[in-house]
Amino acid sequence: MTISPTLRPDCGSCFALCCTALGFARSADFAIDKPAAAPCPNLAGDFSCTIHQRLRPRGFRGCTVFDCFGAGQAVSQQTFGGVSWAEDPSSRHSMFAVFKTVKQLHEMLWYLEEAGLRTFDPELADEAGLLSSRIATIAGGDATTVLGADVGLLHGEVRNLLMEVSEEVRGAYCAEGTETLDGGLRPGADLMGAVLANRRLCGAGLRGSYLIGADLRGSDLAAVDLLGADLRGAQLQAADLSRALYVTQPQVNAAEGSSDTRLPIRLSRPEHWV
């Protein structure tokens, strides 16, 4: 029986892989340019961040948004047996590559876990479980196993299942008499800065939509498919996302909310909301 990995990050058990393996460009989210595979200049020798409590005011908002879905500690402690890239420089290239792949696999597991819980169809729930088991086995394998995985194929399988569950769940909400949705509320829609406050948006398909700076204050987002939606700066004060579909911690971290924003039980309220 495959044991599902922990999908929440544990930075204390990681070799700062997000601060080393990944690169970023100077922007509103990052104060500097950092190439991939280079340690961040704010990284301490014990893999902690020297400005962790001051990331946002120092111009590193992007760091507070990021979430590895537990890939960091899995790769550090399991795949590479607790031996860091600093201790064994020869593992650097492989460890960073494995981290990037395992992060994608863990993110798929995050979505599949929700799909299995939200579907009304036992066969779909079983399908989600089997697919999760396959992905977890790959993610928990050695470096060769991870790097040899056909991630694109797995993405396609996961996407098809998530879409099927989404249509099922959203259809049930729409059938209950929710308000007629605007034609603009569709997958991939450009809703940057849109005023959608105090509305019952239940069942809308906003997969991959751009909700940057959108006003969703006080709105009900039950069964709204937000897979891959860009929520940077979205106003979620008093909004109800507790039953929204496919919401992740990075999306919530990138948005603005308050103590009365209702979140899915698996998510934590960002510190900057307080």
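The values are calculated or read from the model by the stated rules, or taken from the named source; none is laboratory data. All figures in this text were calculated on a predicted structure; none of them were measured in a lab. A quick note on method: Cβ atoms are made from the backbone with ideal geometry, for glycine too, and the neighbour counts reach across all protein chains shown.
In the stretch 97-134, the qualifying residues are those that are of a type in the set (Val, Ile, Thr) and part of a helix (DSSP H, G or I), and the one that is nearest to Pro264 (Cα to Cα) is Val102. Residues considered: Gln104, Gln73. Of these, the only one that is of a type outside the set (Gly, Ala, Ser), within 14 Å of Ser13 (Cβ to Cβ) and surrounded by fewer than 23 Cβ atoms within 10 Å (Cβ to Cβ) is Gln73. If the condition is being within 19 Å of Asn198 (Cα to Cα) and of a type in the set (S, T, N, Q), then the stretch 224-274 contributes Gln235, Gln237, Ser242, Ser258, Ser259, Thr261.
For the residues Thr6, Thr20, the requirement of being of a type in the set (Val, Ile, Thr), in contact with a Leu (Cβ under 8 Å, 6 or more places away or on another chain) and in a loop (DSSP other than H, G, I, E, B) singles out Thr20. Filtering the stretch 201-216 to residues that are outside any strand (DSSP E or B) and crowded, with 19+ Cβ neighbours inside 10 Å leaves Leu201, Cys202, Gly203, Ala204, Leu206, Arg207, Ser209, Leu211, Ala214, Leu216. Mind checking whether some residue in the stretch 49-59 is in contact (Cβ under 8 Å) with a residue 40 or more places away in the chain, of a type in the set (Lys, Arg) and either in a loop (DSSP other than H, G, I, E, B) or touching a helix residue (DSSP H, G or I) at 6+ places or on another chain (Cβ under 9 Å) (or both)? Taking every residue of the stretch 49-59 in turn, at least one turns out to be in contact (Cβ under 8 Å) with a residue 40 or more places away in the chain, of a type in the set (Lys, Arg) and either in a loop (DSSP other than H, G, I, E, B) or touching a helix residue (DSSP H, G or I) at 6+ places or on another chain (Cβ under 9 Å) (or both). If you go through the stretch 234-274 and keep only what is in contact with a Pro (Cβ under 8 Å, 6 or more places away or on another chain) and over 24 Å from Leu112 (Cβ atoms), you end up with just Gly257.
If you take the residues in the stretch 242-266 that are of a type in the set (A, V, I, L, M, F, W, C) and either assigned to a helix (DSSP H, G or I) or surrounded by fewer than 18 Cβ atoms within 10 Å (Cβ to Cβ) (or both), which one is farthest from the chain's Cα centre (by Cα)? Looking at the filtered set, the residue picked out is Ile265. Conditions: (1) polar (S, T, N, Q); (2) within 15 Å of the chain's Cα centre (by Cα); (3) in a loop (DSSP other than H, G, I, E, B). Asn198 meets all but one. Number of the miss? Evaluating Asn198 over (1) polar (S, T, N, Q); (2) within 15 Å of the chain's Cα centre (by Cα); (3) in a loop (DSSP other than H, G, I, E, B) leaves (2) as the failure.
Between Ala97, Ala125, which is within 17 Å of Ala149 (Cβ to Cβ) and modelled with pLDDT of 95 or more? Steps first, answer last, please.
Working: Ala125 fails: within 17 Å of Ala149 (Cβ to Cβ).
When all the criteria are applied, what remains is Ala97.
Put simply, of Asp46, Asp29, Asp33, Asp67 the only residue that is free of Cβ contacts under 8 Å to residues at least 40 places away in the same chain, surrounded by 13 or more Cβ atoms within 10 Å (Cβ to Cβ) and charged (D, E, K, R) is Asp29.
Residues of the stretch 23-43 that are part of a loop (DSSP other than H, G, I, E, B) and closer than 23 Å to Val98 by Cβ: Gly23, Pro35, Ala36, Ala37, Ala38, Pro39, Cys40.
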